[in-house]
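The values are calculated or read from the model by the stated rules, or taken from the named source; none is laboratory data. Since the model is a prediction, treat every value here as computed from it, not as a measurement. A quick note on method: Cβ atoms are made from the backbone with ideal geometry, for glycine too, and the neighbour counts reach across all protein chains shown.
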Amino acid sequence: MSVSSAVAPKPEWVEKFESIVKPSQDYTTYALSTLNPEGKPKVRHVIHRDLTPSALFLTTTDTRMQKPVHLRHDPTVEIAWWIVEPAVQFRITGQAYVIPPANEADSASKFHDILTGLGLDPDKNVEGKPEWWEGQRKLLWDKAMSGHLRGSFGRPPPGTPLSEIEQKPEDWISSLPNDSDDPKVKKDIEYALSHFALLAIKPTGFELLELKATPNKRTQWTLKGDEWVRVEVAP
Ligand SMILES: Cc1cc2nc3c(=O)[nH]c(=O)nc-3n(C[C@H](O)[C@H](O)[C@H](O)COP(=O)(O)O)c2cc1C
């Protein structure tokens, strides 16, 4: 997708990243750490979904999970990502935000703060408008989620003790289509979709560790103001 010439040039690490993780690569996960409200690190794996035109990493979450709670408190994240072939590790630091579905009551004011946090300008970046995010959310819901995964957003809130859930696990929604004409299924989809959110990560540091090179190579890019500064360090 092309962006206006007023937009800052792509960070240098993007080319490296895109030569290793191709958009067609359909399944790769990384460990995403957040800080809980007590300041303790919490880490879990998530699926990489896309790198946006402004070099933001996209993944998805259920709004009822813990990471949205952590990110509202502190957007600081770190990613550790091991790619078996060609034997590289990415370590990415930055700020992450859960994008509220466009129809949420207070989404406009939340969206403004999120744009600021992600360093996006509605006049310069395609990601600067709520419709862009809603379009991506629907696209991922329709094309990237299995029926089982869509169903998970309609099941009981993740992390709830089973003893507090009336419905037996065998009666939970097992699978959902992306859309339906059946009013009951449509209602289930709406409910599930209301918990399905994009999570965007704005990198401020990107480290590449290359283990196939002899000796190994380790390169760090750090965002200083608007500039990415590269330093090669001993591995
Ligand atoms: C291979 C794999 C992929 C996963 N992908 C995601 C994902 O894309 N998004 C997500 O929210 N959770 C994903 N999960 C589940 C998370 O690891 C975690 O259990 C869940 O997000 C709840 O974490 P939280 O309550 O700390 O937010 C994945 C787990 C595994 C093992």
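Screening the range 196-222 for residues that are among the aliphatic types (A, V, I, L, M) and touching a residue at least 40 places away in the same chain (Cβ under 8 Å) and picking the one that is nearest to the ligand (Cβ to nearest atom) gives Leu199. For the range 26-65, residues that are of a type in the set (Ser, Thr, Tyr), more than 10 Å from the ligand (Cβ to nearest atom) and closer than 18 Å to Lys143 by Cα total 1. Where strands (runs of 3 or more DSSP E) fall entirely within the range 126-235, those with at least 3 residues that are more than 25 Å from the chain's Cα centre (by Cα), closer than 27 Å to Glu15 by Cα and not polar (S, T, N, Q) are at 227-233. Conditions first: (1) at pLDDT below 95; (2) within 10 Å of the ligand (Cβ to nearest atom); (3) exposed (fewer than 13 other Cβ atoms within 10 Å of the Cβ). Ser19 passes all but one, so which condition is the exception? Ser19 satisfies every listed condition except (2).
Which of the residues spanning the range 127-149 are touching a residue at least 12 places away in the same chain (Cβ under 8 Å), farther than 18 Å from Lys110 by Cα and of a type in the set (A, V, I, L, M, F, W, C)? Result: Leu140, Trp141, Ala144, Met145.
Among the residues of the range 66-75, those that are in contact with a strand residue (DSSP E or B) (Cβ under 6 Å, 6 or more places away or on another chain) and either more than 8 Å from the ligand (Cβ to nearest atom) or β-branched (Val, Ile, Thr) (or both) comprise Leu71, Asp74, Pro75. Among the residues that make up the range 111-133, is at least one of them more than 30 Å from Leu223 (Cα to Cα) and surrounded by 13 or more Cβ atoms within 10 Å (Cβ to Cβ)? No: the range 111-133 contains no residue that is more than 30 Å from Leu223 (Cα to Cα) and surrounded by 13 or more Cβ atoms within 10 Å (Cβ to Cβ).
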